[in-house]
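Peer 1: Got a structure here, written out as structure tokens. Questions coming.
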Amino acid sequence: VPDLRLLPTAALARAYRRALLGNARLLDYSDPRGDEELRRAIAEMLSSVRGVAAPPEAIMITRGSQQGLYLVGRALLQPGDTVAVEAIGYPPAWEALRQGGARLAAVPVDREGLDVDALAALAARETVRAVYVTPHHQYPTTVSMSPARRLRLLELAQRHRMMVLEDDYDHEFHYAGRPLLPLASMDKHGVVIYLGTLSKLLAPGLRIGYVAAPPPVLRALAAHRAIIDHHGDQVVERALALMLEDGEVQRHARRAVKIYRMRRDLVCEALRRSVPALQFEPPAGGLAVWARAPRVDVDAWVTRARDAGVAVQSSSPFVFEGRAPGCLRIGFAACNERELAEAVRRLARAMPPRGKG
Ligand SMILES: Cc1ncc(COP(=O)(O)O)c(C=O)c1O
């Protein structure tokens, strides 16, 4: 999770006031695809920063990307459709897809992200309607999908008419080298349904996500959304449009990236020094470190850490298929320097005795 203490709340309050004053129309029933100005602002951000050419008609605002995925499941899947998911991945996405009737099939993940050869083998055996992926920073392992696999995945999807559900939840937070553009930026055949969110960039409680997809797909999603929610909070949506137009969101992003990069360096250094049992590469992006803990009972470690006031996650809840790899996911973004140093000290003290190798 991001550090909510960094949020530009004064700018958000000003934008909310500007959005609402003299604009009571925003409180009327409206378009299930969301506020037009926010759709325009997101379209501009996607094209200028992420290389994704989606006009406002190809964008729908949702209550978080979770609602976007749920709607994709409901509107685009038939009961029994096979959807491929990362064998270690993001359980809320699996649940959303199951609600649409999907039968999930696991595809392994390695140091280059989703194993596209394994997906190709699955697609050769049966019809795979869609694949859900987190290519930017694989969740939870943090690895970025290699360029070769990205190309191959798009080719495969086109050949098999498989939808690629790309969850790009933390796009801004890439610290190493050149920015990595989403799969959607290379999608020449309209196979990618792109899901984004402001949950990491700003705050999860805003419940603002978006889907970029061809307009007929969005119409199907909007028809389902109208049944359960009509549309989101128009005033919040307009306020965020104003903040994007004024560059406030972008300013916040630049500041947050600098701070989180520093916190990543700090936590990696502290973990190396104080918890030598952990093996990890500093993540190239994202808000967490993924570390192996050979011969340590990571679930017991998580419980002992929680009792000591430190929240970390073990790999167990993220495993769809196969053995849990015995890793910890250690979020660093929400803690300042002092808190991180203290958290690492307590995490080190909470480590259970190592077993025999
Ligand atoms: C993989 C992944 N996708 C999406 C999200 C964001 O979900 P939402 O936009 O519904 O808040 C998260 C947040 O934790 C996440 O980890």
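The values are calculated or read from the model by the stated rules, or taken from the named source; none is laboratory data. The shown structure was predicted, so the numbers you read here are calculated from the model rather than taken from an experiment. Neighbour counts are summed over all protein chains in view; Cβ atoms, including those assigned to glycine, are modelled from backbone coordinates with ideal geometry.
Residues checked against (1) polar (S, T, N, Q); (2) crowded, with 16+ Cβ neighbours inside 10 Å:
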{"residue": "E166", "(1), (2)": "no, yes"}
{"residue": "D187", "(1), (2)": "no, yes"}
{"residue": "G196", "(1), (2)": "no, yes"}
{"residue": "L206", "(1), (2)": "no, yes"}
{"residue": "A213", "(1), (2)": "no, yes"}
{"residue": "H230", "(1), (2)": "no, no"}
{"residue": "Q234", "(1), (2)": "yes, yes"}
{"residue": "A239", "(1), (2)": "no, yes"}
{"residue": "L242", "(1), (2)": "no, yes"}
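Peer 1: Here are A24, A43, A53, A58: which of them is more than 17 Å from P215 (Cα to Cα) and hydrophobic (A, V, I, L, M, F, W, C)?
Peer 2: None of the other options fit; the residue is A24.
Peer 1: Next up: For the stretch 1-37, how many residues meet the condition of being touching a residue at least 40 places away in the same chain (Cβ under 8 Å), in a loop (DSSP other than H, G, I, E, B) and of a type outside the set (D, E)?
Peer 2: Within the stretch 1-37, residues that are touching a residue at least 40 places away in the same chain (Cβ under 8 Å), in a loop (DSSP other than H, G, I, E, B) and of a type outside the set (D, E) number 10.
Peer 1: Sticking with this one: Determine whether the stretch 199-214 contains at least one residue that is away from the ligand (no atom under 15 Å from the Cβ) and basic (K, R).
Peer 2: No; the residues of the stretch 199-214 include none that is away from the ligand (no atom under 15 Å from the Cβ) and basic (K, R).
Peer 1: Right, here's the next one. Quickly run through the stretch 1-44 and pick out the residues that are within 16 Å of the ligand (Cβ to nearest atom) and surrounded by 13 or more Cβ atoms within 10 Å (Cβ to Cβ).
Peer 2: V1, P2, D3, L7, G34, L38, I42
Peer 1: Just one of the numbered conditions (1) farther than 29 Å from D110 by Cα; (2) within 18 Å of the chain's Cα centre (by Cα) is not true of Q234; which one?
Peer 2: Just one mismatch for Q234, condition (2).
Peer 1: Look at S144 and say whether it is under 23 Å from K188 (Cα atoms), of a type in the set (G, A, S) and in contact with a Gly (Cβ under 8 Å, 6 or more places away or on another chain).
Peer 2: Spelling it out, S144 is indeed under 23 Å from K188 (Cα atoms), of a type in the set (G, A, S) and in contact with a Gly (Cβ under 8 Å, 6 or more places away or on another chain).
Peer 1: Within the stretch 304-327, does at least one residue satisfy the condition of being surrounded by fewer than 20 Cβ atoms within 10 Å (Cβ to Cβ), without any contact (Cβ under 8 Å) to a residue 60 or more places away in the chain and in a strand (DSSP E or B)?
Peer 2: Within the stretch 304-327, none of the residues are surrounded by fewer than 20 Cβ atoms within 10 Å (Cβ to Cβ), without any contact (Cβ under 8 Å) to a residue 60 or more places away in the chain and in a strand (DSSP E or B).
Peer 1: Let me ask something else about it. Among the residues of the stretch 96-109, how many are under 18 Å from the mean Cα position of the chain (by Cα) and more than 12 Å from the ligand (Cβ to nearest atom)?
Peer 2: Going through the stretch 96-109 one residue at a time, the tally reaches 2.
Peer 1: Still on this structure, please answer the following. Quick one: which strands (runs of 3 or more DSSP E) sit completely within the stretch 79-150 and have at least 3 residues that are in contact (Cβ under 8 Å) with a residue 40 or more places away in the chain?
Peer 2: 82-86, 128-133
Peer 1: Could you check G247 against (1) loosely packed, with under 15 Cβ neighbours inside 10 Å; (2) farther than 18 Å from E37 by Cα and say which number it fails?
Peer 2: Failed condition: (2).
Peer 1: Would you check if L71 is surrounded by fewer than 22 Cβ atoms within 10 Å (Cβ to Cβ), hydrophobic (A, V, I, L, M, F, W, C) and either more than 13 Å from the ligand (Cβ to nearest atom) or modelled with pLDDT of 95 or more (or both)?
Peer 2: no
Peer 1: Now for a separate question. From the list V128, V85, which one is within 16 Å of the ligand (Cβ to nearest atom) and touching a Leu at 6+ places or on another chain (Cβ under 8 Å)?
Peer 2: None of the others qualify; the one that does is V85.
Peer 1: Quick check, is E112 more than 15 Å from the ligand (Cβ to nearest atom), among the charged types (D, E, K, R) and more than 20 Å from T134 (Cβ to Cβ)?
Peer 2: No, not satisfied.
Peer 1: Return the pair list, or none, for Cβ contacts closer than 6 Å from residues in the stretch 167-196 that are free of Cβ contacts under 8 Å to residues at least 24 places away in the same chain to residues that are within 16 Å of the ligand (Cβ to nearest atom) and in a loop (DSSP other than H, G, I, E, B), at least 6 apart or on different chains.
Peer 2: Listed by first residue and then by second, the contacts come to nothing, as the list is empty.
Peer 1: Next up: Out of the stretch 332-357, which residues are part of a loop (DSSP other than H, G, I, E, B) and modelled with pLDDT of 95 or more?
Peer 2: Passing the criteria: F332, A333, A334, C335, N336, M351, P352.
Peer 1: Here are some residues: R129, R152, R74. Which one is touching an Asp or Glu at 6+ places or on another chain (Cβ under 6 Å) and either more than 30 Å from E245 (Cα to Cα) or among the β-branched types (V, I, T) (or both)?
Peer 2: None of the other options fit; the residue is R129.
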